[in-house]
Every structure is written in structure tokens, then in C-alpha cells.
Amino acid sequence: MVPVLSLQLVGPDDWVAWRQVRLQALAEAPDAFSSSLSEWEQADEARWRARLTEVPYNVLARRQLLVVGMVSALPPTDGEASLVSMWVAPQARGQGVGDGLVARILEWAAGLGALRVGLDVRVANDHAQQLYGRHGFSVVGSARPARDGVPEFRMQRVF
């Protein structure tokens, strides 16, 4: 039996927990993010707190005391909220953690009156594309290079 999933909204005061999972995500899945472990591993407390302020909606997924995932979102601009920095720990993949995190972001965005939610996903990340597709996201436009030059799709979920 899989333990119950708990989703915890975190803010600047939770920077230590966020730092731990974010560094783990950047180390485990470096190709999934446009930022890198080297950009963040020496970041000081002020930078971590600023990240959790500038990107105001941040959720940690826990199974018992173990953090097994994370996701962040930006509030709507021109009607579109943005899902960013999604990651699920390898040992928790395929167990509904990603679905829980995406559902939480969609609920939050809808509560803010967003018309749609957008995200960028690496072209090679088929599993993430399938996850987002299950929640009504579809690719909009053609692939384009991200900041680091790796091709990404823009996906969008319209309410």
C-alpha cells in the first residue's frame, strides 16, 4: 500500500526544505530544467528566500516525512498562470505524485481566475508530456530552444 500523499504550500521561511529538494531535483534531472545545479548549489539564504518570494506558489509533496516532489507556479498574466519547476523523485514516479502536484496548480490557478495555465517542457521529456496531457494540456506551437538551447514545447491547459 502506497502511503498517503501530503501537499504542503511553502514560502520564504521554508527555504531550507525547498533548497534540499530543489538541489536534489537539479542533480537528478539536470536536463529537465533551464537552470542548473551549479547556478544554485552555492546560493545563500537570501537568494533562496527571494526565489520563494518571486515565484509565489510553491508546493512540496510528502509521503510521511520524505519529500517526493515539488512544483511552483506564477500567478496569471494576461489570463495565463505558469507552472514551473516540477519534479518527482525517482522512487515516487508512477504513484500519482505528479498528478497530485499538477491538480493542485490547476486548482490554485482556477481560484485566481486564470483562463489557462501554461508550461514549458523539454521535447525529449515524454513522461512529463504524458502527465500534462492527462490533465488537459496540449502542445501549442512548434518546438523552440530554451535559454540553454535545448528544445522545448509550450503546453497549455485552457479552462
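The values are calculated or read from the model by the stated rules, or taken from the named source; none is laboratory data. Bear in mind that the values here come from a model prediction, so they are computed numbers and not experimental data. Neighbour counts run over all protein chains shown; Cβ positions are idealised from the backbone, glycine included.
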> Given the conditions (1) aromatic (Phe, Trp, Tyr); (2) modelled with pLDDT of 95 or more; (3) within 22 Å of LEU119 (Cβ to Cβ), and given that TRP15 satisfies all but one, which numbered condition is not satisfied?
Replying inline: (3)
> Are there any pairs, at least 6 apart or on different chains, whose C-beta atoms fall under 6 Å, with the first in the range 131-145 and surrounded by 15 or more Cβ atoms within 10 Å (Cβ to Cβ) and the second in a helix (DSSP H, G or I), and if so, which?
Replying inline: LEU131/GLY98; HIS135/VAL102
>> Test of understanding: among LEU5, LEU65, which residue is free of Cβ contacts under 8 Å to residues at least 40 places away in the same chain, more than 25 Å from ARG154 (Cβ to Cβ) and more than 13 Å from the chain's Cα centre (by Cα)?
In response: LEU65
> Among the candidates GLY111, GLY96, GLY149, which residue alone is small (Gly, Ala, Ser) and surrounded by 13 or more Cβ atoms within 10 Å (Cβ to Cβ)?
Replying inline: GLY96
>> What are the pairs with Cβ atoms under 8 angstrom where one residue, in the range 117-129, is farther than 19 Å from GLY94 by Cα and the other, located anywhere, is polar (S, T, N, Q)? Sequence gap at least six, or different chains.
In response: VAL117/SER82; VAL117/GLN156; GLY118/SER82; GLY118/GLN156; LEU119/SER82; LEU119/GLN156; ASP120/SER34
>> Of everything in the range 70-111, what is free of Cβ contacts under 8 Å to residues at least 40 places away in the same chain and over 20 Å from ARG154 (Cβ atoms)? Give them in sequence order.
In response: VAL88, GLN91, ALA92, ARG93, GLY94, ASP99, ALA103, GLU107, GLY111
> In the range 31-47, is there at least one residue being of a type in the set (A, V, I, L, M, F, W, C) and under 21 Å from ASP99 (Cα atoms)?
Replying inline: yes
> When only residues in the range 18-33 that are under 13 Å from the mean Cα position of the chain (by Cα) and modelled with pLDDT of 95 or more count, which is nearest to PRO56 (Cα to Cα)?
Replying inline: TRP18
